[in-house]
Every structure is written in C-alpha cells, then in structure tokens.
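Colleague: Dropping the structure in here first, questions after.
The values are calculated or read from the model by the stated rules, or taken from the named source; none is laboratory data. Predicted, not measured: the structure shown is a model, and the values here were computed from it. Because the Cβ atoms are built from the backbone with ideal geometry, glycine has one as well, and the counts that use them run over all protein chains shown.
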Ligand SMILES: [Zn+2]
C-alpha cells in the first residue's frame with residue numbers, strides 16, 4: 001500500500017469519525033437552582049389542556065393552593081398538553097385558553113418543564129417547542145428531550161411518542177413526525193444520549209420523565225416499546241423515579257426487582273375512564289381513576305411523593321430515605 005493510500009484511508013476514517021461524533025447531539029441541559037437549603041419541591045401534572053373543561057380549572061385551583069404551601073420551585077407537565085390535536089400553530093388561541101388563562105395562581109408562575117404527548121404530535125409540534133410561545137408566556141418551556149440539573153436531583157425528560165409503533169401505522173390520525181426522522185436513528189441517538197447523561201450524573205436523585213407509561217394498570221396499560229428499550233437503561237443507571245402521564249389517572253407502582261418507582265400523574269382534566277386492569281397488589285401501591293396531581297419534595301436524604309385529588313385532598317403518600325453516601 002502506498003503512503004498516499006494510507007494517508008487517504010486515515011483522512012476518510014477521520015471524516016467518518018467526525019460525522020458520527022458531530023451527529024451525536026447531546027441532550028440540552030438547563031440549570032435550575034434548588035432552595036438555599038438545597039431542597040427542592042415541585043408539582044407534576046399531565047393530560048390537561050381542555051380550555052378549563054373536565055375539571056381542568058378545579059385541578060389548577062388546587063395546584064395553586066398546594067404550590068403555595070410547598071413553596072414549589074417548578075412544575076412538570078408529563079404531556080398531552082393540548083387536546084385533542086396539539087396546537088395548530090404558535091397563534092393557536094388554545095395556548096392562552098388552556099394554559100395561560102387556567103394556571104393563574106401566583107405559586108404556579110414558575111418555570112414549567114413540559115414534554116410532548118401523543119395528542120401533541122397530532123398538531124404542529126414545532127409550535128409547542130417554539131421560543132415564540134416562551135415570549136407569550138415565560139413560564140412555558142417544552143422540548144423533545146432535555147435535562148434539568150438542580151444539583152440535588154437531575155431530571156431527564158424523554159420524548160416517548162416516537163417509540164410507539166402503532167402511531168406509525170394507524171390511519172385515524174395524522175402525526176407530525178418532522179424532526180424525528182429517520183425514526184430508528186432518532187431513537188438510537190436519544191437512548192444513547194440518555195444513557196451517557198445518566199452515567200455522567202452525580203446527583204443524589206435521578207428522575208426520568210416521559211409521557212407514556214412503562215408500567216400501568218390504566219386504560220393504555222404498559223408501553224411495550226418502553227419496557228424493552230427504555231426500562232433497561234433506567235435500571236442499569238439506578239434511576240429512582242419514572243414519572244409519566246398518558247393514562248388519565250393517578251398511580252404508583254413499585255417493583256420487587258429494583259428500587260425504581262413508576263408514578264403516573266395524568267389527571268389534569270378528563271378522567272374516570274373506568275377500565276382498570278388487575279395488578280399484583282404487592283406492586284400496586286396506589287391507583288385513583290379520577291382527576292388530580294402529584295407533588296415531589298426532595299432533600300439530600302429523602303424524597304416525598306404525595307397525590308392529591310381535584311379538591312386538594314391527599315390520596316396517597318410515599319417516601320424513600322437514602323442515607324448520605326449510600327447507594328442502592
Ligand atoms: Zn397520551
């Protein structure tokens with residue numbers, strides 16, 4: 001082999017490496033300072049945007065009261081932000097009517113970190129991600145996948161809708177897949193970036209948020225694609241909580257196989273579907289078919305989860321204690 005050929009092979013290899021390296025986009029990272037004492041509190045809401053209907057406004061009212069009481073730092077939306085078909089564009093009045101006009105309590109004027117749900121994918125996805133909405137209402141922030149670093153806890157937001165096979169074959173609805181094609185490389189890159197970020201995380205608590213269920217006894221049940229593709233990464237990286245919406249209920253499932261807890265907060269508006277599957281009572285800590293929301297309080301040694309109904313009544317509480325320097 002001539003020197004020239006060797007040189008050209010090396011150059012080609014470098015070029016390929018660069019292309020692969022540059023295409024592996026990292027997840028966007030946001031810093032959100034915890035309280036002065038290092039603790040953090042937040043609310044989690046899902047499946048909500050119905051212009052106040054189906055008790056959306058009543059849930060919002062109670063969120064305002066609990067948010068004040070807990071002095072919350074931010075709010076998480078688990079997706080299906082606007083029914084039935086997302087937003088039609090940045091000028092869709094549903095953004096004001098289902099979000100700005102509804103969550104008016106002073107305590108809710110904090111940063112909202114939102115993921116997209118399957119209903120959001122039926123509209124103009126780019127509109128929800130657009131900085132134009134952030135200018136219209138500064139508490140809004142929605143991206144496909146991203147990380148919020150609070151030092152005490154890292155939150156990994158995952159775009160779960162493109163994982164679900166049936167949305168790519170069903171004929172009843174149109175989905176806006178611009179930005180997620182080619183699908184396989186989109187999903188592979190996302191999983192790779194998530195795994196890498198989880199491994200690099202030094203936070204005491206690791207929390208993953210997505211729209212779709214991993215484990216659920218509700219109408220939609222388990223999401224098989226996430227069970228096979230996402231769950232192994234969460235288990236390998238000692239994730240503490242997986243938080244989702246999609247099933248319009250409040251739910252807490254634990255597992256004997258790992259400390260990972262599965263928490264559904266999808267009661268932002270329309271609920272009471274009525275079809276609940278049987279689940280092993282050892283794993284099913286709590287199931288509520290109706291409307292409501294969840295709070296999360298975090299310190300260096302403890303996480304406290306509370307579920308509330310539409311009247312602000314406490315339905316279920318769960319805590320985990322992790323001693324300093326210990327790992328599970
Ligand atoms: Zn959904």
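Colleague: Just to be sure, is residue 153 over 14 Å from the mean Cα position of the chain (by Cα), under 27 Å from residue 304 (Cα atoms) and touching a residue at least 12 places away in the same chain (Cβ under 8 Å)?
Modeller: yes
Colleague: OK, next. Anything in the stretch 221-256 that is assigned to a loop (DSSP other than H, G, I, E, B), touching a helix residue (DSSP H, G or I) at 6+ places or on another chain (Cβ under 8 Å) and either more than 14 Å from the ligand (Cβ to nearest atom) or more than 23 Å from residue 188 (Cα to Cα) (or both)? List them, or say none.
Modeller: 230, 237, 239
Colleague: Being within 16 Å of the ligand (Cβ to nearest atom), in contact (Cβ under 8 Å) with a residue 12 or more places away in the chain and either touching a helix residue (DSSP H, G or I) at 6+ places or on another chain (Cβ under 7 Å) or within 30 Å of residue 272 (Cα to Cα) (or both), is that true of even one residue in the stretch 182-191?
Modeller: No, the conditions are met nowhere in the stretch 182-191.
Colleague: Starting from the stretch 195-220, take each residue that is within 11 Å of the ligand (Cβ to nearest atom) and list its partners that are at pLDDT below 95, counting only C-beta distances under 6 angstrom and pairs at least six apart or across chains.
Modeller: Once the first residue is within 11 Å of the ligand (Cβ to nearest atom) and sits in the stretch 195-220, its partners that are at pLDDT below 95 give 219/273; 219/275.
Colleague: Test each condition in (1) in contact with a helix residue (DSSP H, G or I) (Cβ under 8 Å, 6 or more places away or on another chain); (2) within 16 Å of the ligand (Cβ to nearest atom); (3) touching a residue at least 40 places away in the same chain (Cβ under 8 Å) for residue 106 and report the one that comes out false.
Modeller: In the conditions (1) in contact with a helix residue (DSSP H, G or I) (Cβ under 8 Å, 6 or more places away or on another chain); (2) within 16 Å of the ligand (Cβ to nearest atom); (3) touching a residue at least 40 places away in the same chain (Cβ under 8 Å), residue 106 misses (2) alone.
Colleague: Given (1) touching a strand residue (DSSP E or B) at 6+ places or on another chain (Cβ under 7 Å); (2) surrounded by 16 or more Cβ atoms within 10 Å (Cβ to Cβ); (3) farther than 30 Å from residue 51 by Cβ, identify the lone condition not met by residue 292.
Modeller: Residue 292 satisfies all of (1) touching a strand residue (DSSP E or B) at 6+ places or on another chain (Cβ under 7 Å); (2) surrounded by 16 or more Cβ atoms within 10 Å (Cβ to Cβ); (3) farther than 30 Å from residue 51 by Cβ except (3).
Colleague: Let me ask something additional. Exactly one condition in (1) at negative phi; (2) surrounded by fewer than 24 Cβ atoms within 10 Å (Cβ to Cβ); (3) free of Cβ contacts under 8 Å to residues at least 60 places away in the same chain is false for residue 307; which is it?
Modeller: (2)
Colleague: Which of the residues that make up the stretch 109-138 are more than 21 Å from residue 31 (Cβ to Cβ) and within 16 Å of the ligand (Cβ to nearest atom)?
Modeller: Passing the criteria: 116, 117, 118, 119, 120, 121, 122, 123, 125, 128.
Colleague: Consider residue 107 carefully, then state whether it is surrounded by fewer than 22 Cβ atoms within 10 Å (Cβ to Cβ) and under 27 Å from residue 296 (Cα atoms).
Modeller: yes
Colleague: Evaluate the stretch 174-181: report whether one residue or more is more than 13 Å from the ligand (Cβ to nearest atom), under 17 Å from the mean Cα position of the chain (by Cα) and within 30 Å of residue 54 (Cα to Cα).
Modeller: No, the stretch 174-181 has no match at all.
Colleague: Would you mind stating whether residue 65 is part of a strand (DSSP E or B) and either surrounded by fewer than 18 Cβ atoms within 10 Å (Cβ to Cβ) or within 16 Å of the ligand (Cβ to nearest atom) (or both)?
Modeller: Here the answer is no, as residue 65 does not meet what is asked.
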